[in-house]
1. If R0 is 60 Å, what FRET efficiency do you get for A:Glu173 and A:Lys423 from their C-beta distance, rounded to 0.05?
2. For the protein assembly as shown, with only Lys/Arg (+1) and Asp/Glu (-1) charged at the beta-carbon, what is the dipole magnitude about the Cα centre, in debye rounded to 20?
3. Please list, in order along the range B:137-147, the HN-Hα scalar couplings obtained from phi with the Karplus expression 6.51 cos²θ - 1.76 cosθ + 1.60 (θ = phi - 60°), rounded to whole Hz, x for Gly and Pro.
4. Among all helices in chain A defined by DSSP H, which have a length of 30 Å or more along the axis from Cα atoms plus a Kyte-Doolittle mean of at least -0.5?
5. Show the residues, 5+ positions off or on another chain, whose built amide H is closer than 5 Å to the amide H of A:Ile112.
6. With the cut-off at 1.5 for a/c, could you classify the range A:573-693 from its C-alpha gyration tensor as rounded, prolate or oblate?
7. If you look for lysine pairs in the range A:113-268 that are eight or more places apart or on different chains, how many of them have Cα atoms under 24 Å apart?
8. Summing Lys, Arg as +1 and Asp, Glu as -1, what charge do residues with Cβ under 11 Å from the Cβ of A:Ala59 carry, A:Ala59 excluded?
Amino acid sequence: MKFTTPAGQNPIDQGKVVGKPHDRIDGKFKTTGTAPYAYERHDVVANPAYGYIVHAAIAKGRIGAMHLAEAKAAPGVITIVTAAEAGKLTKGDFNTAMLLGGPEIQHYHQAIAIVVAETFEQARAAANLVRVDYERGKGRFDLDEALKTAPLKGADSGEGSKAPPVDRVGDFEGAFAKAAVKLDARYTTPDHSHAMMEPHASLARWDGDKLTVWTSNQMIAWGKGDVAKTLGIPKENVRLISPYVGGGFGGKLFVRTDAIMAALGARAAGRPVKVALARPMMFNNTTHRPATTQRIRIGTDRSGKITAIAHESGSGDLPGGGPETAVSQTKLLYAGANRMTSMRLAVLDLPEGNAMRAPGEAPGLMALEIAMDEMAEKLGMDPIAFRIANDTQVDPEKPERRFSQRQLIKALQDGAKAFGWDKRNAKPAQVRDGKWLIGMGVAAGFRNNMNMKSGAKVSIDRKGIVTVYTDMTDIGTGSYTIIAQTAAEMMGVDMDRVVVRLGDSDSPVSSGSGGQWGANSSTAGVYAACVKLREAVAQKLGFNSGDVEFADGKVRSGNRSVALAEAAGDAGLTAEDTIDYGDLAKTYQQSTFAGHFVEVGVDMYTGEVRIRRMLAVCAAGRILNPKSARSQVIGAMTMGVGSALMEELAVDKRFGFFVNHDLAQYEVPVHADIPYQEVIFLEETDPTTSPMKAKGVGELGLCGVGAAIANAAYNATGIRIRDYPVTLDKMLDKMPPVA
Amino acid sequence: MKDSGSPEISRRGILAGGAAAVAATHVPLADAQTATRSGLKPTLAKVEMTVNGKREAMELDTRTTLLDALREHLHLIGTKKGCDHGQCGACTVMVDGKRINSCLSLAVMHQGDKITTIEGLGTPDKLHPMQAAFIKHDGYQCGYCTPGQICSAVAVIEEIRAGVPSHVTGDLNAKTPISNAEMRERMSGNICRCGAYSNILEAMTEVAETRA
């Protein structure tokens, strides 16, 4: 199905199932420990050997020699594979560094060998016996230093955040020079780690020249392609299976070393091999969100109208990598005739930088939305009023392009009312509750909507059970449930009559999970397949497909009514289709909007910031399942707390690695950090996005949260921190005197 | 000696240089040891424990953690390995009614113990009230930390009822309330990167109130 014109009335609009807060259909498996993840597939492979990966202990240079004799002779060891044994490997399309290093080493903890043994304990012990002589090379690890000579670089994050090297509209410099009120400030965001709870893991089995990998991956078709390319085997010979993914956040968009090393180990061992990355190796072995240094300049007239806005960002990556597109939202979020954005990319020899939840907007809004707060204060305006004054209903760079929907003002106004914003004291450091200084902060949330081509196959059996097959993944996002809701709505059956099979590359290629495109795109693909299946049912029954109604497990046309099971018959009926898109996303700017509200308490004596209340008001098209969508948003808000208050990969600039590479040292929010969180979804359907009229929401929930917290901390204390995370060491010497 | 911190002479540099030097001179020694090392067979030990009410006898490598005994030997995959060193809580199980990180405990230390895992609390067709409450309040997303969260949640409510104090307990002589602050504090060893904390607390509150 080609989606080329805005959707009219369709069966989804009935809203009998879609739009209802249905419990997750995978819930009873996940809560009872019966949902199998990649490393646990005793059900498909009885006796796999265990792989344990050896990682490079230098960041850059070469392996002089590897001494494997001792490890090979260790009890239980079956085989060891290094680059020397692996044969020719080709870097995957979605990887920046090789997934098996040697002799050249490209980053710290790059995989350099897999030891395969009969048991996990034996593999681990033997891996520790591998001795490596390194020839350490000179690496570049200091972002500030490298940015001094870094070139301008445009990029598309591939997830909706695109920006050219330099983008100019009007005359920024001239307008900024003349502006009545100005801000020129620098902000930094550190490197972040996805730190999903399930470590990257794979189980590989060869059947002749055919390879099956049970893995944990967000994008099955990309993964299938890159496994084939890396190993130099035909794509048809690779099957990826990933029905449950223990979190990804962008860290499992791409094939990682676990899949490749499991495949190489299994080939060498002549039997299936399973591998999981050890937690302390994940932070330097896998990808991360790159650190940014940003400069924002805003100029306004006396009334608070923006006349000039510029956003520049610098980040680093391995050779061949890309920039963090932190400026992209600034092209679209606020009005202003004179604009400039630019990005610089430095070459660094730190581990690979890549997409993490809301790449571009997450760190970009952490800076921009502090800048907006600072500007509002300079103008003596309420920060919400200042944002409303600079709202735009059109693409500021191309005024002929309207936003398909843009409810930012309502999100901010409704949020203000629900949160009690009128009780905020605009003057910082005025409100106390015992030893706590209390502050409120606000930020706009913004994230583009993206549509991806997405396919599905839907069948009905003789019992009337509807089964959906697609290679879509559920990474905690609720895909199983919203896909079942879509099929139930379209075929007129109850939820318990729908079975959903996900994450198998033998199924039709879907959008996959990334860039908050999964919900709208994958359900639109299921919609398309269901439309075809409805036609097949009508045709088989000799019904006029124009007036056929699917409801209550029956197909009706005029005064005729047949049970769906009967219509399917013994042979059953199956249809397959793919949703593809015309240029509606070019004609209209499709974006999602939020107002984020936060109240913090700052300990008067220690400067510690604690979250007291959080609210997000989101406008993101049709909400397919308010329960799972709300969970996506509160989860993103929680990640926003991490980015604002604690998350920072500490760079060792001499040896080139992230020092705090485990979950005790890379701190993420825990239960004690997170209070009750509230989410309000604004009524919205967007007929330009797909027949589902939905948009993404999983990343919107993160965009702007960090700045809302930093702004709240400022309101509480009068201390403006522009370098994340907002930790007490940055507050302590500036804290107001304790009376 | 100059101040430490410069790359040439930092403590780290000295250590790294030292390690390289050791590696170069150590090779023959390592080779010499090969015969001895390869002669080392894993030490096996017999252990019997009751897991979810079922008697289990195993002969295990003494290095095997309780977590790996459950996952790899008994195929009880509900108990998850998130970090394998006590930082995430995904491997939480109950031993004689008290929760522990099963990754921090060797299986052979549990001779005669009664272990309850997520599979022992309930099944898809017969859910434990806490499992049902997690589903109702959407107290999970990717599901990987979930069995550990549920085992912890069940044990936490019992801990509070038993009067075991926590960091946030105000009055050690009074009856500890099953409060939001108490539950959040005690649950903080169970990380959920999807960020379902707010919903998990709703689920726990419902169970605590129903059973109070």
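Please treat every number below as a calculation from the coordinates, not as lab data. Just so we're clear, the structure is a prediction, and the values are computed from it rather than from any experiment. Using ideal geometry, Cβ is built from the backbone for each residue, glycine included, and neighbour counts are taken over all protein chains shown.
1. My answer for the efficiency is 0.90.
2. Computed charge dipole of the protein assembly as shown: roughly 560 debye.
3. 9, 6, x, 6, 10, 5, x, 6, 7, 4, x
4. A:518-541
5. Those lying under 5 Å, H to H, from A:Ile112 are A:Val54, A:His55, A:Ala56, A:Gly101.
6. Judged from the Cα gyration tensor, the range A:573-693 comes out prolate (a/c at least 1.5, a/b above b/c).
7. Lysine pairs satisfying the spacing and distance rule in the range A:113-268 number 12.
8. Once positives and negatives cancel, what remains is +4.
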